[in-house]
Amino acid sequence: MQAELDRLRAQLAERDCEAQRRELQLRASYEATVRALADAVEARDAYTARHAERVAAYGLELARVCGMDASADPDLEFGFLLHDIGKIAISDAILYKPGRLTDDERDAMRRHPVIGEEIVRGIDFLAGARQVVRSHHERWDGAGYPDGLAGEQIPFAARVFAVADTFDALTSDRPYRAASSFREARRVIAAASGTQFDPTVADAFDDIPDARFDAIRCTLA
Ligand SMILES: [Fe+2]
């Protein structure tokens, strides 16, 4: 009797291990798929090299400082990585236009969050990424797009992402300007606290030391 119980116990433990192994494998293949999709978006734009990975790393750090438990929401990183996936559907003529966009072109460009959400909508394992994809250009004061959400109507992950995105954009070189210093980027973000950004998130961002951002950049250089 005891031997039979031991045998069943060992069998259950083995099945548990196997299920965990399969889940890890599945998670790894999801991650590889998401990174491939994010790379596909960036391959079109030489000037944003590794932007998605950097902004995802900044975003996860900021989410952690804001008290979000990223392990309880593993899809958070997917949303950060895929935020601009809708740009796949925007024409090169608009995406790379060197001058000012016409009103129609700007409207077309502003459709990318909605197109992006439509792309990820049908994929079960990206359900948690949808909010960031759709709402990453909303503003705290309601003047953003595509839905004109304001304040806490904007999903928290999208509010976190917006700060991380601006920080990376400001501190990266562009063909028409050099990168800003961290200090200057902090100043710009603080100045937009309460208008573009959630003040709580902007404050939390300012608590992250430069060394932490440097460390993230080094690992992704
Ligand atoms: Fe975007």
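Please treat every number below as a calculation from the coordinates, not as lab data. Quick caveat: nothing in here was measured; it's all calculated off a predicted structure. Note: ideal-geometry Cβ built from the backbone for every residue, glycine included; neighbour counts use all protein chains shown.
Using per-residue counts of other Cβ atoms within 10 Å, averaged over each peptide, order 77-85, 7-15 from highest down.
Ranked from most to least packed, the peptides come out as 77-85, 7-15.
How far, in degrees from 0 to 90, does helix 112-121 lean away from the longest principal axis of the Cα atoms of the chain, to the nearest 10?
10
In degrees between 0 and 90, to the nearest 10, how far off the longest principal axis of the chain does helix 51-65 point, with axes built from Cα atoms?
70
Taking amide H positions as placed in the peptide plane 1.01 Å from N, state which residues far from SER172 in sequence (5 or more) or on other chains have amide H under 5 Å from it.
SER180
For PHE182 paired with TYR30, estimate the spin-label separation in nm (one decimal), with each label point 7 Å from Cα along the Cα-to-Cβ line.
Result: 3.2 nm between the two label points.
Cα axis of helix 210-220 to longest principal axis of the chain: angle in degrees, 0 to 90, nearest 10?
70
If each residue's Cβ is checked for other Cβ atoms within 10 Å, how do LYS87, LYS97 rank with the fewest at the top?
With the fewest neighbours first, LYS87, LYS97 line up as LYS97, LYS87.
With the radius of gyration and the Kirkwood radius both derived from the Cα set of the stretch 63-221, what is their ratio Rg to Rh?
0.96
Does anything in the stretch 138-165 have its amide N under 19 Å from the 7 Å Cα→Cβ label point of ARG212, and if so which residues?
Answer for this model: 156-165.
How big is the gap, in Å, between the Cα center of the stretch 24-89 and the Cα center of the stretch 145-215?
17
With a ≥ b ≥ c taken as the square roots of the eigenvalues of the C-alpha gyration tensor of the stretch 22-84, please select rounded if a/c is under 1.5 and otherwise prolate if a/b is larger than b/c or oblate if it is not?
Since a/c reaches 1.5 but b/c is at least a/b, the shape of the stretch 22-84 is classed as oblate.
If R0 is 25 Å, what FRET efficiency do you get for ARG22 and ASP73 from their C-beta distance, rounded to 0.05?
Calculated value: 0.70.
Return LEU101, LEU170 ranked ascending by Cβ neighbour count within 10 Å, so the fewest neighbours appear first.
With the sparsest Cβ surroundings first, the list reads LEU101, LEU170.
In percent, what relative contact order does the chain have, based on Cα pairs under 8 Å that are 6 or more apart in sequence?
19
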